[in-house]
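The values are calculated or read from the model by the stated rules, or taken from the named source; none is laboratory data. Fair warning: this is a prediction, and the values are worked out from it, not measured in the lab. A quick note on method: Cβ atoms are made from the backbone with ideal geometry, for glycine too, and the neighbour counts reach across all protein chains shown. Note: accessible area is taken over every heavy atom of the protein model, side chains too, but ligands, DNA and RNA are not part of it. Shrake-Rupley method; radii C 1.70, N 1.55, O 1.52, S 1.80 Å.
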Amino acid sequence: MLTIADGTYAETFELLDRELTLRAAVGATVVLDGSECDWPVISAQGGSLTLQGIEFRGRVGGVQADSGNLAMDRCTVSAPLGPAIFVRNCANAHIRECTITGASQGIVVDGSSGRIGDTTVENVAGDGIVIGFGADPQVAKCTISGCGERGIYIYQHARPTIESCDVSRTGHAGISVAQQSKPKIMTTAVHDVRGVGIDFGADCAGSVTKCRMENTAAPAIRIADGACPEVTAETTPSATVFGDDLEQLLSDLDNMVGLPNVKAEVRAVVDEIQVNEWRRGAGLAVGSVSHHLIFAGAPGTGKTTVARTYGKLLKKLGVLTSGQFREVSRRDLVGQYVGHTAEKTAVVFEETKGGVLFIDEAYTLSRQIGSGNDYGQEAIDTLVKLMEDHREEVAVIVAGYTGEMIDFLAANPGLASRFSKTIEFDNYTPQDLVLIIGRMVADGDYQLDEATERMLVDYFGSIAESPSYGNAREARRLFEAARKAQSQRLRLLGRMPDSTELRTLLAQDISAAATYLRSAYRGSQPPVA
């Protein structure tokens, strides 16, 4: 047993078949900092590991235990590029009163038993708790909140018991069950999630008992064909709109990768609207305010996502009645003969009342030189009038490249004055794209090998100046190419890969994908190898 005095220690541990207890001294604040390392702060293979009252700051991983026993009590763990806690093939894994935050994934349990109790998992990029490969832990009285993907993901024949937990503010389903898993979910609240509350995939079973579903996508509990869970005495979903809480929506905006200037500008708009509503309620004069915006910048920088959030914010503030989001392009507004364009544009406005009309690549509406039968100008002229006539009913956001949007605004003398503000969306940095691809990897049930971070930064940096640079789309392209490279590599093993091999994208996969995509930028596309 090691009792550690107050302080921050740049130390990491790797244990093989050892018994070790690390605990903070009474009243001490102890931090083990491995944030500069490409391996977990503490990794144990076999043996028994006990951790008490310590904060672990990792980069690609926090605490990892394989084929042994793990006990964690009152610890805090972070790891922005990997799982905070990873438990595999452990007969007894007990995690109590811990806090997981700022990780790619929260707690991952593969093929293990034990208990996770009174623990908080918050603000992670991917899934909050992942339970797979036949694992059967008890998860009790835990709070899972602010996950970019699912709150709890149960897959590959897992059989956990989820009891008296609270799951909220997830990017997808609150609890997702897949691949013949059979969980018992009891007295658990799932609320304010963007996906369904509990999602059972085909061939899954288990039970849901006395759970509360509020403000989830419909249906609150989704059961795929072939699934047969027993659902009893669930609470009728509440009509209360918890998901549109103003601070939660702003928090969702803040959780997007990068875009600091955009977030500040949107907050400034919200602040102005909020104060105007307070003034109106106090009987003070309020000037006319336009809610129409210009989003300028390159593709793949999150303009559509921010526009959706803006609509929800306006609804919560009482500016819009529904906050619905309608995305259109030139073909949705421009007709084929004189008068047809005005009619199509007016119909779109009518159908979008109470919400946000998002016009992507709006500059394509500008009058085209030498095109005598082009009716884009008619669409612009119609928009100018409708934006004024319905300024209290529809918020219009036009988006496109910065230079082209300047030409677009010049197409009608009154167009520019209809918009209250232009918000510039900067390109993502290579570091931003590493975080984005990390979220994609976690969402796809993959994990990145520790040696890939520098390779990713170098690749994204090398293509940043390309004329066809697609920002977040580049992260998606690289992820898909890396998956193909991994598939080809695994097919050549001559045997069935194990679960870790199936999930892990190695440096050679990233290298092969980067080589393939670089050749695509040069105009040729050789096969990934």
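Give the calculated FRET efficiency between residue 340 and residue 179 to the nearest 0.05, with a Förster radius of 60 Å applied to their Cβ-Cβ distance. Present the calculation step by step, with values, prior to reporting the outcome.
Numbers: r = 51 Å, r/R0 = 0.85.
Between residue 340 and residue 179 the formula returns 0.70.
A Förster radius of 22 Å combined with the Cβ-Cβ distance from residue 35 to residue 73 puts the calculated FRET efficiency at roughly 0.45.
Between residue 50 and residue 209, full extension at 0.36 nm per residue minus the direct alpha carbon distance yields a gain of 53.9 nm.
For the stretch 268-353, the list of chymotrypsin sites (Phe, Trp or Tyr not before Pro) that fall in a loop by DSSP and count at most 12 other C-beta atoms within 10 angstrom reads 337. Accessible-area rank, largest first, for 133, 358: 133, 358, with all protein chains present and a 1.4 angstrom probe. Say the cut-off is 25 Å between C-alpha atoms; which of 263/316; 263/315; 184/316 go over it? Pairs exceeding 25 Å: 184/316. How high is the relative contact order of the stretch 75-162? Use alpha-carbon pairs under 8 Å, at least six apart in sequence, and give a whole percent. Taking the mean separation of contacting Cα pairs over the length of the stretch 75-162, I get 25 percent.
For the stretch 77-122, which whole-number percentage of the solvent-accessible area (1.4 Å probe, protein heavy atoms only) is attributable to carbon and sulfur atoms?
44
With 20 Å as the limit on Cα-Cα distance, the pairs of 182/484; 303/421; 141/210 that go past it are 182/484. Percent of C-alpha pairs per 5 Å bin in the stretch 1-63, short distances first: 5, 20, 28, 25, 18, 4, 0.
Hey, with R₀ at 22 Å, roughly what FRET efficiency would residue 511 and residue 10 work out to, going by the Cβ-Cβ distance, to 0.05? Show your work: numbers first, answer last.
Details: r = 30 Å, r/R0 = 1.36.
Here the calculated transfer efficiency is 0.15.
Out of the GluC sites (Glu not before Pro) in the stretch 18-82, which ones are loop residues according to DSSP with at most 16 other C-beta atoms within 10 Å? Filter output for the stretch 18-82: 36. For the stretch 377-475, the alpha-carbon coordinates run over 57, 28, 21 Å along the three principal axes, in decreasing order.
How big is the shadow of the Cα convex hull of the chain, averaged over all directions, in nm²?
The number I arrive at for the chain is 29.1 nm².
So if I take the alpha carbon set of the stretch 1-116, get Rg, then get Rh from the Kirkwood formula, what is the Rg over Rh ratio?
Numbers: Rg = 12.5 Å, Rh = 13.5 Å.
Here Rg/Rh amounts to 0.93.
Label zone (residue 261, point 7 Å along Cα-to-C-beta; backbone nitrogen cut-off 13 Å) within the stretch 378-416: 402-403.
Taken over the Cα atoms of the stretch 330-441, the convex hull encloses 146 Å³ per residue.
Can you give the accessible area of residue 187, probe radius 1.4 Å, in Å² rounded to 10? For residue 187, solvent-accessible area is about 70 Å². Over the chain, Cα pairs under 8 Å with separation of 6+ residues give a relative contact order of 7 percent. In this simple spin-label approximation, residue 353 and residue 25 carry label points 7 Å from Cα along the Cα→Cβ vector, and these lie 7.2 nm apart. The GluC sites (Glu not before Pro) of the stretch 323-413 that meet both conditions, a loop assignment by DSSP and at most 14 other Cβ atoms within 10 Å of the site Cβ, are 392. Using bins 10 angstrom wide from zero, how does P(r) for the stretch 251-291 break down, in % of all Cα pairs? Over the stretch 251-291, the share of Cα pairs per 10 Å bin runs 26, 40, 24, 10 percent.
Secondary-structure-derived ellipticity at 222 nm for the chain, considering helices only, amounts to -9000 deg cm²/dmol, per-run term -39500 (n - 2.57) for DSSP H runs with n ≥ 4.
Dividing the C-alpha radius of gyration of the stretch 78-192 by 2.2 N^0.38 Å, with N its residue count, gives 0.91.
Where does the stretch 148-279 land on Rg/Rh, using Cα atoms and the Kirkwood Rh? If you can, show how the numbers build up before the last one.
Values: Rg = 17.5 Å, Rh = 16.0 Å.
Using Cα coordinates only, the ratio equals 1.10.
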